[in-house]
Amino acid sequence: MRILITCSGGKLIPNLIKFLKHDRQLNRLYVVGIDKNKKIKKNVYLDKFYSIKMHNNKLYLTKLLKICKKEKIELVIPWSDKEAILLSQFKKIFFKKKIKIMVNNFNVIKNITNKYLTYEILKKAKIRTPTYYLARNIHELNQGLKKIGYPKNGAVLKPTSSIGGRGVKILTGKYSKHEKWIGLGRREKVIKKNKLIISNDLFKYGDLLIMNVLKSPAFDVDHFCYRKKSILVIRRRINPSGIPYRGNYIIVDNEIKKYCKKISKVLNLKSLTDIDLLCDHNKKIVLLEINPRPSGSVVTTYKANIPILSYAIAKMLNKNYVMPFPKLNIKVKL
């Protein structure tokens, strides 16, 4: 089996590839890594590494196809949102060359990378979502904030289609306190009560969702579905923001399992995706967002003896794979 992993310079990728290479069921696995940086942290488990940038989509695809042909790649696993979105649009080109892409079809990607569309589809299917209002201009923003109860209550302003927390604003309320972990992400910004300046600058990343401030615990759910084969792993974050990474608890929770399977069915998810969950004010699990590629911390599933990525690779390449007996309700940190 010959695979290619993008963004192979990620912090947890070396450990992930080590587990893949040590997996005896992935017979003679050959792993190629690509990354935009010419130098990445030494990874002795990579068989080959290439530097490739995404400044130009057409050039990126041409270079990637050339690498895949040279290295006889059978499966590409995109590890960034941007690459997952791009490659979903050109799956057929790769498929004609007998190269599979571990990503959903573009019509699915369009829905799950727009949080408003995601919530609207789920709401229509009567699946629980956070409270949210769409703002496309300043008037709608003011109306939405009023409905949320700001400035008495806290609120979150979130671009409908941004990546990695870009443009997210957490607004503190006069009579409500947010948990200490909120706002500790790399790009989120906390704005103290009555300090919000309402202007068109807030729409830098496009339309906004106005939401309540959600609460911990936070969960990453790794879900793989392909040709009626399905597996789901629930990980409760030790650090709810996920940044810096501090590990997970691998747990069993039937309520979360049923909730995520409903989401997957309605949104027609057919690949390995990362479903992020938080809790509302009634302590009910609600969807935060769906990432169109595997979670950056999916490697922790291997410590719990649930090698979901190995399973996904094998199934996509039509190989047999027997899942080992899992270790559940354990704390995992790499």
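What to note about this one:
- Residue within region 245-265 that is in contact with a His (Cβ under 7 Å, 6 or more places away or on another chain) and either among the aliphatic types (A, V, I, L, M) or surrounded by 15 or more Cβ atoms within 10 Å (Cβ to Cβ) (or both) present: yes
Yes/no matrix, rows are residues, columns are (1) in contact with a strand residue (DSSP E or B) (Cβ under 7 Å, 6 or more places away or on another chain); (2) closer than 23 Å to Lys331 by Cβ; (3) of a type in the set (Gly, Ala, Ser):
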residue	(1), (2), (3)
Leu214	yes, no, no
Val233	yes, yes, no
Pro240	yes, yes, no
Lys258	no, no, no
Asn268	no, no, no
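- Yes/no for Ile306 being surrounded by 17 or more Cβ atoms within 10 Å (Cβ to Cβ), outside any loop (DSSP other than H, G, I, E, B) and hydrophobic (A, V, I, L, M, F, W, C): no
- Condition check for Ile191: surrounded by fewer than 20 Cβ atoms within 10 Å (Cβ to Cβ), in the same structural domain as Val322 (by TED's automatic domain parsing) and under 30 Å from Ala135 (Cβ atoms): no
- Highlighted here are the strands (runs of 3 or more DSSP E) found entirely within region 169-265 that include at least 1 residues which are over 24 Å from Leu145 (Cβ atoms): 215-226, 229-237, 248-251.
- Asn254 being without any contact (Cβ under 8 Å) to a residue 24 or more places away in the chain and more than 28 Å from Ala155 (Cα to Cα): yes
- A single member of Tyr60, Tyr30 is among the aromatic types (Phe, Trp, Tyr) and either touching a strand residue (DSSP E or B) at 6+ places or on another chain (Cβ under 8 Å) or without any contact (Cβ under 8 Å) to a residue 24 or more places away in the chain (or both), and it is Tyr30.
- Scan region 87-105 for residues that are under 14 Å from Asn268 (Cβ atoms) and surrounded by fewer than 17 Cβ atoms within 10 Å (Cβ to Cβ) and the total you get is 1.
- Enumerated strands (runs of 3 or more DSSP E) restricted to region 13-120, each holding at least 1 residues that are of a type in the set (S, T, N, Q): 48-51
- Ile163 being outside the structural domain of Ser297 (by TED's automatic domain parsing), in a loop (DSSP other than H, G, I, E, B), surrounded by fewer than 15 Cβ atoms within 10 Å (Cβ to Cβ) and not basic (Lys, Arg): no
- Scan of region 199-235 for residues that are on the phi < 0 side of the Ramachandran plot and of a type in the set (Lys, Arg), ordered by number: Lys204, Lys215, Lys229, Arg235
- Some residue of region 280-288 being crowded, with 22+ Cβ neighbours inside 10 Å, assigned by TED's automatic domain parsing to the domain that holds Tyr259 and under 22 Å from Lys11 (Cβ atoms): no
- Count of region 13-48 residues which are over 24 Å from the mean Cα position of the chain (by Cα) and of a type in the set (A, V, I, L, M, F, W, C): 3
- Neighbours by Cβ (under 8 Å, 6+ apart or cross-chain): first from region 322-334, in contact (Cβ under 8 Å) with a residue 24 or more places away in the chain; second among the aromatic types (Phe, Trp, Tyr): Met323/Tyr311; Asn329/Tyr249; Ile330/Tyr249; Lys331/Tyr249; Val332/Tyr249
- Inspection of region 249-259 finds a residue satisfying the criterion of being more than 25 Å from Glu83 (Cα to Cα), in contact with a Phe, Trp or Tyr (Cβ under 9 Å, 6 or more places away or on another chain) and not hydrophobic (A, V, I, L, M, F, W, C).
The values are calculated or read from the model by the stated rules, or taken from the named source; none is laboratory data. As the structure is a prediction and not an experimental result, all values here were calculated from the model. Every residue, glycine as well, gets a Cβ built from its backbone with ideal geometry; the counts of neighbours run over all protein chains shown.
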